[in-house]
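A short worksheet on the structure shown next.
The values are calculated or read from the model by the stated rules, or taken from the named source; none is laboratory data. Keep in mind the model is a prediction, meaning the values are calculated, not measured. As a convention, Cβ positions derive from the backbone with ideal geometry for all residues, glycine included, and neighbour counts pool all protein chains shown. In case anyone asks, the SASA skips ligands and DNA or RNA and just uses the protein heavy atoms, side chains included. Shrake-Rupley method; radii C 1.70, N 1.55, O 1.52, S 1.80 Å.
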Amino acid sequence: MNIRMPSINKVIISGNLVEEPRTDLLENGTHVANFRIASSQSFRGRDGEWHEKTCFIDVVSWRRTAELVAEYLRKGSPVLVEGELQTSSWQAQDGTSRSRIEILARRVQFLEKPQQQQQKPESSTREDKVGYTPADEPPDAEAEYDDIPF
Amino acid sequence: MAQDMEPLPPALNTVLVTGRVRRRKHLTMSSKGWYVLEFEIEARRYSESPAEEDPVDVFSAEAWGAFARELDKTMNNGDAVLVEGRLTSREYEDRNNNRRHRMVLSIVKMDILGG
């Protein structure tokens with residue numbers, strides 16, 4: 001039996017926004033939000049001392065997630081992003097081709113606790129829960145099932 | 001006596017990806033004496049539409065130290081792999097002397113699934 005190699009692509013990363021998120025509304029009405037986060041990691045070096053290394057990661061989100069990013073995230077906001085790695089390519093102003101790795105966010109968790117005076121009343125609807133963003137649904141839910149190769 | 005420190009918030013940075021190895025370079029040693037093995041991982045995202053070709057993403061990857069030396073003996077171009085690692089960024093200067101950064105997948109663990 002020929003077994004197909006499984007396709008796995010999962011990223012979980014936490015960090016703080018380094019700038020205000022860039023949001024846009026496409027002509028077809030789809031929301032998109034791009035932001036960059038700084039993720040720091042502490043490690044003990046060969047000298048026995050603790051050091052910190054920071055890397056900067058670009059994140060793109062779509063639809064409902066993008067709307068919530070635009071509404072709740074600001075420069076400095078701590079977040080946990082779950083998603084997939086993808087590459088995006090474009091042509092720079094000098095004509096050269098560029099590509100970069102970015103995270104396609106499926107879920108963004110807002111880690112900053114709401115201020116006391118801004119706390120919303122408890123609600124059973126998930127959209128009212130600050131810090132919760134539902135995973136994006138594909139525009140055509142049936143496509144998810146069509147992708148199964150058997 | 002060390003001061004009590006507040007526990008650091010969890011710095012989560014985990015990547016799990018399958019793909020094929022390509023552009024595997026020779027094992028080298030960094031300026032600080034660490035073995036490093038650089039390569040690329042070609043990963044296919046299965047297209048939602050059967051009529052469309054699967055989009056391909058290529059990620060730069062690297063392994064360090066003793067792990068790099070082990071991979072140098074066993075990993076070849078074309079190998080199907082499952083890798084676990086973390087995202088890190090590398091700075092470089094482009095042709096116009098502009099400082100840029102690129103993302104690299106620093107491999108912590110790798111399973112070779114086949115050739």
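Out of curiosity, is A:Asp94 open to solvent by less than 20 Å² (accessible area, probe 1.4 Å), among the acidic types (Asp, Glu) and at pLDDT below 95?
It is false that A:Asp94 is open to solvent by less than 20 Å² (accessible area, probe 1.4 Å), among the acidic types (Asp, Glu) and at pLDDT below 95.
Run down B:Arg102, B:Arg86, B:Arg95 and say which single residue is surrounded by fewer than 19 Cβ atoms within 10 Å (Cβ to Cβ), within 11 Å of chain A (Cβ to nearest Cβ), touching a residue at least 24 places away in the same chain (Cβ under 8 Å) and of a type outside the set (A, V, I, L, M, F, W, C). Spell out how you get there, then give the answer.
Details: B:Arg86 fails: surrounded by fewer than 19 Cβ atoms within 10 Å (Cβ to Cβ); B:Arg95 fails: touching a residue at least 24 places away in the same chain (Cβ under 8 Å).
Only one candidate passes the filter, namely B:Arg102.
Quick grid of which residues meet (1) assigned to a strand (DSSP E or B); (2) away from every other protein chain (no Cβ under 14 Å):
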position: A:Ile13; (1), (2): yes, no
position: A:Glu27; (1), (2): no, yes
position: A:Val32; (1), (2): yes, yes
position: A:Ile37; (1), (2): yes, no
position: A:Ser61; (1), (2): yes, yes
position: A:Glu67; (1), (2): no, yes
position: A:Gln86; (1), (2): yes, no
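For A:Lys53, all conditions in the list (1) without any contact (Cβ under 8 Å) to a residue 12 or more places away in the chain; (2) in contact with a Phe, Trp or Tyr (Cβ under 9 Å, 6 or more places away or on another chain); (3) among the basic types (Lys, Arg) hold save one; what is the number of the exception?
All conditions pass for A:Lys53, except number (1).
State yes or no: is A:Glu144 part of a helix (DSSP H, G or I), at pLDDT below 75 and open to solvent by 40 Å² or more (accessible area, probe 1.4 Å)? Step through it out loud before you land on a result.
Working: part of a helix (DSSP H, G or I): yes; at pLDDT below 75: yes; open to solvent by 40 Å² or more (accessible area, probe 1.4 Å): yes.
Here the answer is yes, as A:Glu144 does meet what is asked.
Given (1) farther than 24 Å from B:Gly114 by Cα; (2) touching a helix residue (DSSP H, G or I) at 6+ places or on another chain (Cβ under 9 Å); (3) away from chain A (no Cβ under 11 Å), identify the lone condition not met by B:Val36.
(1)
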